[in-house]
Amino acid sequence: MNRPVDLRSDTVTKPTPEMRRAMAEAEVGDDMFGEDPTVNRLEEVCCRRLGKEAALFVSSGTMANLLAFLVQTRPGDEVIFDAQSHPIHAETGGISGVCGAQARPVAGARGQLTPELIEAAVRADAVHLPRTALVSLENTHNNAGGTVYPPEQLWACCDKAHALRLSVHLDGARLHNASVACGVSVKELAREADTVSTCFSKGLGAPVGSILAGSRDLIREARRARKRVGGAMRQAGILAAAALYALQHHVERLIEDHAHAQRLAEGLAELPGVSLRPHDVETNIVMIDLTDKAPPTNEVVERLAGEGVLLFAFGPRRLRAVTHLDVSRDDIDRALVVFRRVLGGTR
Ligand code: TLP
C-alpha cells in the first residue's frame, strides 16, 4: 500500500535527512547556563527576524503562549481572545489553570478581532471587576481555517489595545504562513505586538520547538517562568539546529503548501456532501464542512483512513485537512480520488 497521505496536521512532518545532519552536527552546551551556542544563535536570529530585543527558545507553541500570559498578567486578570482561539480551546486551560487569569472570549469574524471589538470587551475600572490586561491575537487562525489577518487590521488592533493600556500577545504559531500569504515580513506583522510566538514544528518542518520574542525585560521574566514550569532545557542545540535549518530552507516553500491546500479545496468543493468555498482557503488549512448528503462524520474519517487519507474531525460535521512539507501535489491528487470514492463524486 502507498504511504498514507497524512493531512491531520502540519505537526506530523519528519525531519529531512539534511535537517537531521544539521541536528547531528550542532554544537551544544548547557542552555540553563546560557552556554548552548546553537540555542543562542537561534535566539539571536529570531530577535532580528521578529524585530524584538530578546527571544527565548521553548518546547512548544503552548509553552510560548503560556509564558506570554504568565509575564503579562496577574492572577484574576482578564485576557481578550477571539472566542475560537487556540489557547481557549486546545491548551488545557493553562490561562486559568497555570496563570490564574481568565479568558474573555469575543466573537470575531474569521477568527479576527477589530479595534471596536477590543474596546467593547475591556472592563471598566471598578473594584468588583477583573482587570483587563492583555489582548491575544492569532495569525494565522487555526480554528477559523488558517485565516490571515489583513496587516492593517492587525496593527490597528494593537494600537487600540495600547491606547487602552493593554499589552498584546501575537500567537503566531503559523506566522510564517501568514507572511508568505500576504507578502508582509514576519517582522512587520509582529511590529506592534509586545510578545510574539512562532512555531518551528508546524509548517517549517522541525521536530520540536517554538520561540517567544519581546522586550528584554519580558523575555528575562519569561526565562524565569519557563524554569518555574519545568520547561528549561539543557543541550537543546540539537533542536535549535533543526529550527535554524527550517528558517533557512523551509520558509519560502510554504507557498507550495498553500497551493496544495487550494488544489485540495477546489477538488473537494465539487463533491456531493461537501460545503466549502475554495476562496476561503488562504493558507495551508482546509476546513471541510459535511452536509446531510454525506455519511456520519466518524464514518467518513474511518473510511478515508482505511484508504490511506488521514485527517481529524474538527466539529460534529467538520473535518480539517492541513498541507505540509511531507504532502506532495501527487498526494493531494491521490487524496482527492479517495475522497471521491468515499463521498460518491462522479468525476
Ligand atoms: N495546534 C495544533 C493542535 O493543537 C490542534 C494543530 O495541529 O494545529 N497556537 C496555534 C494557533 C496552534 O495551532 C497550535 C497547535 C498551538 C498554538 C500550540 O502549539 P503546540 O502544539 O506546539 O503546543
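No lab work stands behind these numbers, since they all come straight from the coordinates. These numbers come from a predicted model, not from an experiment. Glycine gets a Cβ as well: all are built from the backbone with ideal geometry, and neighbour counts include every protein chain shown.
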Item to complete: Towards the positive end of the charge dipole of the chain, with charges on Cβ (+1 Lys, Arg; -1 Asp, Glu), say which of C158, A222, A305 has the farthest Cα.
Response: A305
Fill in: Largest-first ellipsoid semi-axes for region 17-249, taking √(5λ) over the Cα gyration tensor eigenvalues, angstrom
29, 20, 14
Practice prompt. Name the most mobile residue of A242, A213, A83, meaning the one with the largest mean-square fluctuation, in a Gaussian network model of the chain with Cα contacts below 10 Å.
Written response: A83
Worksheet, complete the sentence: Computed over region 253-343, the relative contact order (Cα-Cα under 8 Å, seq sep at least six) in percent reads 33 percent
Worksheet item: Which of these, V286, V39, V301, has the largest mean-square fluctuation under a Gaussian network model of the chain (Cα springs below 10 Å)?
Response: V301
Worksheet, complete the sentence: Reduced to Cα centres, the span from region 264-334 to region 132-154 in Å works out to 23 Å
Worksheet item: How much mean residue ellipticity at 222 nm does the chain get from its helices, if each DSSP H run of length 4 or more adds -39500 (n - 2.57) and you divide by all residues, to the nearest 500 deg cm²/dmol?
Response: -12000 deg cm²/dmol
Worksheet item: Based on Cβ point charges of +1 for Lys and Arg and -1 for Asp and Glu, what charge dipole magnitude is obtained for the chain about its Cα centre, in debye rounded to the nearest 20?
Response: 400 debye
Worksheet item: Of the lysine pairs in the chain, how many meet both conditions: Cα atoms under 29 Å apart, and a spacing of 8 or more in sequence or different chains?
Response: 11
Fill in: Beta bridges per DSSP with both ends in region 114-205, % antiparallel, nearest 5
10 percent
Worksheet entry | Considering only the chain, percent of DSSP beta bridges that pair antiparallel, nearest 5 | 50 percent
Item to complete: Between T297, T195, T323, find the one with the highest GNM mean-square fluctuation for the chain; connect C-alpha pairs within less than 10 Å.
Response: T297
Worksheet item: V168's amide H: which non-local residues (gap 5+, or another chain) put their own amide H closer than 5 Å, with H modeled 1.01 Å from N in plane and none for Pro or chain starts?
Response: V135, D194, T195
Discussion item. Please report the antiparallel percentage of DSSP beta bridges with both residues in region 253-343, rounded to the nearest 5.
Written reply: 100 percent
Discussion item. So for the chain, averaging the separation of alpha carbon pairs under 8 Å that are six or more residues apart and normalising by length, what relative contact order in percent results?
Written reply: 24 percent
